[in-house]
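Structure record follows, encoded as structure tokens.
The values are calculated or read from the model by the stated rules, or taken from the named source; none is laboratory data. Please read all numbers here as calculations on a predicted model, not as lab measurements. Every residue, glycine among them, receives a Cβ derived from its backbone with ideal geometry; neighbour counts consider all protein chains shown.
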Amino acid sequence: MLKLVVLLLLLICLPDQVFSQQKVPILVYHSIDNYSGLGSKELFVTPENFEKQMIYLKNQGYTLVTFEQWNQLGKIKKPIFLTFDDGYKNNRNAFEILQRLKDETFKPKATFFVISDFVGNVNRLNISELRMMSDSGVISVQSHTATHPDLTKSENLHYELKGSKEKIEKITGKPVIALAYPYGSYNERTASETKKFYSFGLTTTPEIYSKKDIKNEDFYLPRLYVKYSTNLKEFAKLITK
């Protein structure tokens, strides 16, 4: 009987132990489009290259997850996060590719970090698009603040954090639990303030995530840039380094 109890306890604790040893890539994209000469070229990934990357993830057995699944990561096979910053309209290309690749065994998901006051602006996703993609179950819409300031210098953190969260929740009807820091800029103060309204804060520290058991760890989550110049061989190396 004692052996059975011990075995059950081990099975219960195992997912947490696995998660503590897991290395989980969190990727960051901006524009999924052909580069037209405007803006920084390295912030673009062509739809063709993005699709090749997604097919690679599918063939390698990765599971594309969102932050709503964070507490289940220890039970998920090869989890990986796709995040997209700024809410550009061309992110619909990513959504459509993910929809096209979806099948019985591959159910891709991604997170769009949108700037709430920019929703509906020229070249930005609008309310109906965000609502449609959120309702599809493929896209989780989260916050990239209200106006995209450097939060380490902002004097209006309450509006940037709470205001953006409330506006996005009104659009999707779903909880907003994650914030991507504009410019990847953060400090202890911004992490502490973010914690009042969110469960996660994302940086652009170029590392694969692994649990370190440090204070406010979930508000210093690292992300890996996928760039215009990233070829498939480099992509494969990026997510396993």
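Table for the structure above
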| read-out | value |
| --- | --- |
| Residue within the range 164-183 that is touching a Gly at 6+ places or on another chain (Cβ under 8 Å), touching a residue at least 24 places away in the same chain (Cβ under 8 Å) and surrounded by fewer than 19 Cβ atoms within 10 Å (Cβ to Cβ) present | no |
| Some residue of the range 54-63 being closer than 20 Å to F200 by Cβ and either assigned to a strand (DSSP E or B) or over 17 Å from the mean Cα position of the chain (by Cα) (or both) | yes |
| Count of residues meeting criterion [more than 16 Å from F67 (Cα to Cα), of a type outside the set (S, T, Y) and part of a helix (DSSP H, G or I)] in the range 187-219 | 4 |
| Any hit, the range 136-153, residues being out of contact with any strand residue (DSSP E or B) (no Cβ under 9 Å at 6 or more places or on another chain), over 27 Å from G39 (Cβ atoms) and hydrophobic (A, V, I, L, M, F, W, C) | no |
| Selection within the range 199-227 - of a type in the set (S, T, Y) and surrounded by 15 or more Cβ atoms within 10 Å (Cβ to Cβ) | S199, T203, T204, Y209, Y220, Y225 |
| Residue in the range 79-113 that is nearest to Y225 (Cα to Cα), counting only those that are surrounded by fewer than 24 Cβ atoms within 10 Å (Cβ to Cβ) and acidic (D, E) | D86 |
| Any chance F106 is part of a loop (DSSP other than H, G, I, E, B) and either free of Cβ contacts under 8 Å to residues at least 60 places away in the same chain or under 25 Å from A146 (Cα atoms) (or both) | yes |
| Subset tally (residues that are within 28 Å of K107 (Cβ to Cβ) and part of a helix (DSSP H, G or I)) for the range 34-53 | 8 |
| Filter result (surrounded by fewer than 17 Cβ atoms within 10 Å (Cβ to Cβ) and closer than 19 Å to E169 by Cα) within the range 189-198 | K195, K196 |
| Tabulated pairs, the range 22-38, first under 17 Å from F95 (Cβ atoms), second of a type in the set (G, A, S) and assigned to a loop (DSSP other than H, G, I, E, B), C-beta under 9 angstrom, 6+ apart or interchain | H30/G39; H30/S40; S31/G39 |
| Residue match in the range 220-233 (condition: modelled with pLDDT of 95 or more, part of a helix (DSSP H, G or I) and not hydroxyl-bearing (S, T, Y)) | yes |
